[in-house]
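Undergrad: Take this structure first; my questions come after.
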Amino acid sequence: MNPNLFEWIGYAASIFIVLSFVVNNLKSIRIINMIGCLCFVAYGTYFEFWPVVIPNAILVFIQLYFLFFKDRTKLSE
């Protein structure tokens, strides 16, 4: 694949991460941040930047947990 494409994915990731700090709704923050983290995982995987891939992959799972499982446990309380 074209390295320039992955550079743009890296820029998009940065934009999504910064944008997640601007939004007020917690669910929107998590979704936008997760999109940014997924972009960073793709970017880091292509260029083999494992220190970028590992924490962002972990953050994707954390965001998914809070989006799908944490809200359900709140409803059962």
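The values are calculated or read from the model by the stated rules, or taken from the named source; none is laboratory data. None of these values were measured; they are calculated from a predicted model. FYI the Cβ positions are ideal-geometry reconstructions off the backbone, even for glycines, and counts take in every protein chain you see. These accessible areas exclude ligands, DNA and RNA; they are computed on the full protein's heavy atoms, side chains included. Shrake-Rupley method; radii C 1.70, N 1.55, O 1.52, S 1.80 Å.
Undergrad: Determine, yes or no, whether V52 is of a type outside the set (S, T, Y), surrounded by fewer than 17 Cβ atoms within 10 Å (Cβ to Cβ) and in contact with a Gly (Cβ under 9 Å, 6 or more places away or on another chain).
TA: no
Undergrad: Can you name every residue in the stretch 17-34 that is without any contact (Cβ under 8 Å) to a residue 24 or more places away in the chain and buried (at least 19 other Cβ atoms within 10 Å of the Cβ)?
TA: Across the stretch 17-34, the qualifying residues are S20, I32.
Undergrad: Quick one: in the stretch 1-16, which of the residues that are among the hydrophobic types (A, V, I, L, M, F, W, C), assigned to a helix (DSSP H, G or I) and open to solvent by 50 Å² or more (accessible area, probe 1.4 Å) is nearest to L64 (Cα to Cα)?
TA: F16
Undergrad: Another question, if that's okay. Quick check, is L67 in a helix (DSSP H, G or I) and modelled with pLDDT under 95?
TA: yes
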